[in-house]
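Only one structure is covered here, and it is reproduced in the block below.
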Amino acid sequence: MFGRLWQVQVLDGGRYARAAVEDHVRQITVPAVRGRIVDDRGRPLVRNRTAMVVSVDLIQLGRLPGRGRDVLRRLASALGRPYGEIAGRARLCSPTVGRPCWPGSPYQPVPVADGVEERVALQIVERPEVFPGVTAEARPVREYPGGPLAAHVLGYLAPDDVSGGGDPSGTRLVGRDGLEATYDADLRGTPGRREVVVDSAGQVLRVAREQPPRAGATLVTSIDAKVQEVVEKALAKAVRRAPGASTGAAVVLDARTGRVVAMAGYPSYDPRVWTGGISPADYRRLTSGDRPLVPRAIQGQWPPASTWKITSTVAAVKAGKDPRGGYDCSGSYRVGDRSFRNFGGIGHGTMDLRRALVVSCDTIYYRFAHEMWRKDQKAKNPADPMQKTARAFGFGRRTGVDLPGEAAGRVPDRAWKRAYWESTREAACAEARRGHPELARRDPARARYLTAVAAESCTHGYLWTAGDAANFSIGQGDVLVTPLQLARAYAALANGGTLFGPRVARAVVAADGRVLREITPPAEGRLPVGKKTLKYIRDALAEVPRSGTAAAAFAGFPWERVAVAGKTGTAESFGARDTSWFASYAPAGRPRLVTVVVIGNGGTGADAAAPAVREIWEGIYGLGGREAALPGGVPADDLPRLDAAGAEAPAARGEARAARGETAVKGAGPGKAAPEGDSE
């Protein structure tokens, strides 16, 4: 025994002494202040505010009778909050203890309530005999000056449940959607470290070492807050006005640079619901029903209807059709044993392709598609000219926008049809055998229709039929696009043919005002069309709001101030109201901005989407007695000046480059613009 004591105390004494000291050094993470997100003029979209946070010392509470439960009850009463909420946040997370709980170190203050009134917080900390181990301090929390403005673009924060990324406490907040997620590494900064020495009872004795945190960078975006407000109001008004509508989306792009000026989805939400942790009830509300959490501008997918005809027109011209030739716009066109009708079954006589776009004739495009399909049926390797043209316009793949979760849309073809049939054949055959007996009692016609569709899918669903080709030509059937994809395609049409990869962020700026990096939308390709055809299509679209399908929506519009071009789209759906589209750009002669609106179950394109687009243009340019959200319709060319703390200090255009010797962002233009006018 004495020999063993001598070994432990003398031979190994130093090792055990070092281990004892190391065991009593605890690391505490000091969170960094998260960077701001501002619009293109420097106006804050997301910033930080100071809020009173009440915290508890778990070590001190653990020494009290009942492990401090009475203290937590008194604290809950003083705060006016349920005891279960306070007690839940004061628990340490573990494999058996889930949220709400504290995932960080027990040796740092554990926040149990935020947004506490200063008066209440002072009353608590001034009575340590009643609230031992309870502290209150001012901490930065995320603030959204515009409330729900641009919520789907900005995203939200949530606790990182996995320790890592240089944060051993595992308590950091990370971006879970939108720009907060994409640029999380830039915004979050670098947390600090504090090493404290504690005794065997866990009492902090002293601070051994401290490394201060480094604040996150400011993210400058191309969003214009005033335009965003105009877009969201017009979209919400359009959805509420259309009977049966409940969802929609809108996008405004800078056609010459590919930057996103505004982007909105409906329904939306207030990101402040995430501050301090979202409640289960709020989370269920955001993810059920119409799912307000879904960013429909990039994740919503709808058939594009007649807005798609710009791709079909290009495909027809490339296939040898003369755009100025005469084509019969009959009331219907027969494909096999089925009659494909023009909208409303109305015929318009003989016309060229310009007039076909203005009045949105379907039967001309049915005929083109049918002829191409018959030619492909004889070919060993089908050319699929309409599909190839659509893909060249950027459809069927993600745009690459710097927001998470973007959908790819769908450009159906023979390969897709067979793959889909193989995955759904068994279900289709079972449905064909069973029919729809429940539905037959309520709606016999619909039951028969669905049963017939199932039977056809069961036996011949792998075939790319002439009917598929006809539907494809007018953006119906299995074609799906997102609003951002359609806006990008129209931007390429408007700017002379350059297809951009849209971007929302413009620059990452350090807390001291230095530009860490600029973000420029990449040019990803050119439309497969010459300048004469582009001009021909643009001339046709300029007539749509004046004398075509959108004329009623734009009646009385001040054309002498702003000429708007565009295309309506009405996607029909059996048993539901139509999906309403309007894609447009302005000024029609020298396009700068593109605006696209879609209203699910909104009716015709002229009924719901076109009036919303008109309202957006009026708000942007200040028409009809309104204040202009974007005077002249020209987005900011230069980055805004920011002070050393990242606060907004908007400068007039050109001032940023003229400034010298200031903590300003200098010399950061929007990148190389797309060719203007009719250039190839």
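Quick look at the values:
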item: Qualifying residue in region 31-43 (condition: modelled with pLDDT under 90 and open to solvent by less than 40 Å² (accessible area, probe 1.4 Å)); result: yes
item: Residue in region 600-623 that is more than 22 Å from Ala245 (Cα to Cα) and assigned to a loop (DSSP other than H, G, I, E, B) present; result: yes
item: Count of residues meeting criterion [within 16 Å of Val71 (Cβ to Cβ), open to solvent by 30 Å² or more (accessible area, probe 1.4 Å) and either under 39 Å from the mean Cα position of the chain (by Cα) or polar (S, T, N, Q) (or both)] in region 111-135; result: 3
item: Qualifying residue in region 417-426 (condition: open to solvent by 40 Å² or more (accessible area, probe 1.4 Å), of a type in the set (Asp, Glu) and in contact (Cβ under 8 Å) with a residue 40 or more places away in the chain); result: yes
item: Check on Pro145, touching a helix residue (DSSP H, G or I) at 6+ places or on another chain (Cβ under 7 Å) and surrounded by fewer than 21 Cβ atoms within 10 Å (Cβ to Cβ); result: no
item: Hits in region 273-296 (condition: closer than 28 Å to Val116 by Cβ and basic (Lys, Arg)); result: Arg284, Arg285
item: Region 314-331: number of residues that are of a type in the set (Val, Ile, Thr) and open to solvent by less than 10 Å² (accessible area, probe 1.4 Å); result: 1
item: Restricting region 119-172 to residues that are in contact with a Phe, Trp or Tyr (Cβ under 8 Å, 6 or more places away or on another chain) and in a loop (DSSP other than H, G, I, E, B), the residue that is modelled with the highest pLDDT; result: Pro148
item: Qualifying residue in region 658-677 (condition: modelled with pLDDT of 95 or more, within 30 Å of Val359 (Cβ to Cβ) and not in a strand (DSSP E or B)); result: no
item: Residue check for Ala440: touching a helix residue (DSSP H, G or I) at 6+ places or on another chain (Cβ under 6 Å), open to solvent by 30 Å² or more (accessible area, probe 1.4 Å) and not in a loop (DSSP other than H, G, I, E, B); result: yes
item: Members of region 533-579 that are in a loop (DSSP other than H, G, I, E, B) and closer than 22 Å to Thr257 by Cβ; result: Val562, Ala563, Val564
item: Residue check, Lys417 over 28 Å from Asp254 (Cα atoms) and in a loop (DSSP other than H, G, I, E, B); result: no
item: Candidates Ala281, Ala234, filtered to the one that is over 20 Å from Ser573 (Cα atoms) and touching a residue at least 60 places away in the same chain (Cβ under 8 Å); result: Ala234
item: Contacts under 9 angstrom Cβ, first residue in region 321-335 being over 12 Å from Tyr365 (Cα atoms), partner at pLDDT below 95 and of a type in the set (Phe, Trp, Tyr), 6 or more apart; result: Arg334/Phe340
item: Members of region 572-590 found to be surrounded by fewer than 24 Cβ atoms within 10 Å (Cβ to Cβ) and not aromatic (Phe, Trp, Tyr), listed by number; result: Glu572, Ser573, Gly575, Ala576, Arg577, Asp578, Pro587, Ala588, Gly589, Arg590
item: Some residue of region 26-49 being in a helix (DSSP H, G or I), within 27 Å of Pro213 (Cβ to Cβ) and under 32 Å from the mean Cα position of the chain (by Cα); result: no
item: Residue match in region 374-392 (condition: in contact with a Ser or Thr (Cβ under 6 Å, 6 or more places away or on another chain), open to solvent by less than 60 Å² (accessible area, probe 1.4 Å), touching a residue at least 24 places away in the same chain (Cβ under 8 Å) and within 30 Å of Val261 (Cβ to Cβ)); result: yes
item: Some residue of region 560-568 being within 23 Å of the chain's Cα centre (by Cα) and of a type outside the set (S, T, N, Q); result: no
item: Hits in region 580-600 - residues which are within 21 Å of the chain's Cα centre (by Cα) and either farther than 22 Å from Ala255 by Cβ or modelled with pLDDT under 95 (or both); result: Ser580, Ile599, Gly600
item: Residue in region 175-207 that is farthest from Gly633 (Cα to Cα), counting only those that are at pLDDT below 75 and hydrophobic (A, V, I, L, M, F, W, C); result: Ala201
item: Strands (runs of 3 or more DSSP E) lying entirely in region 459-532 (those with 1 or more residues that are surrounded by fewer than 20 Cβ atoms within 10 Å (Cβ to Cβ)); result: 515-518, 523-526
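The values are calculated or read from the model by the stated rules, or taken from the named source; none is laboratory data. Please read all numbers here as calculations on a predicted model, not as lab measurements. Heads up, the Cβs are rebuilt from the backbone with ideal geometry, glycines too, and the neighbour counts pull from every protein chain shown. Each accessible area value is taken on the protein alone, full model and side chains, heavy atoms only, with ligands, DNA and RNA left out. Shrake-Rupley method; radii C 1.70, N 1.55, O 1.52, S 1.80 Å.
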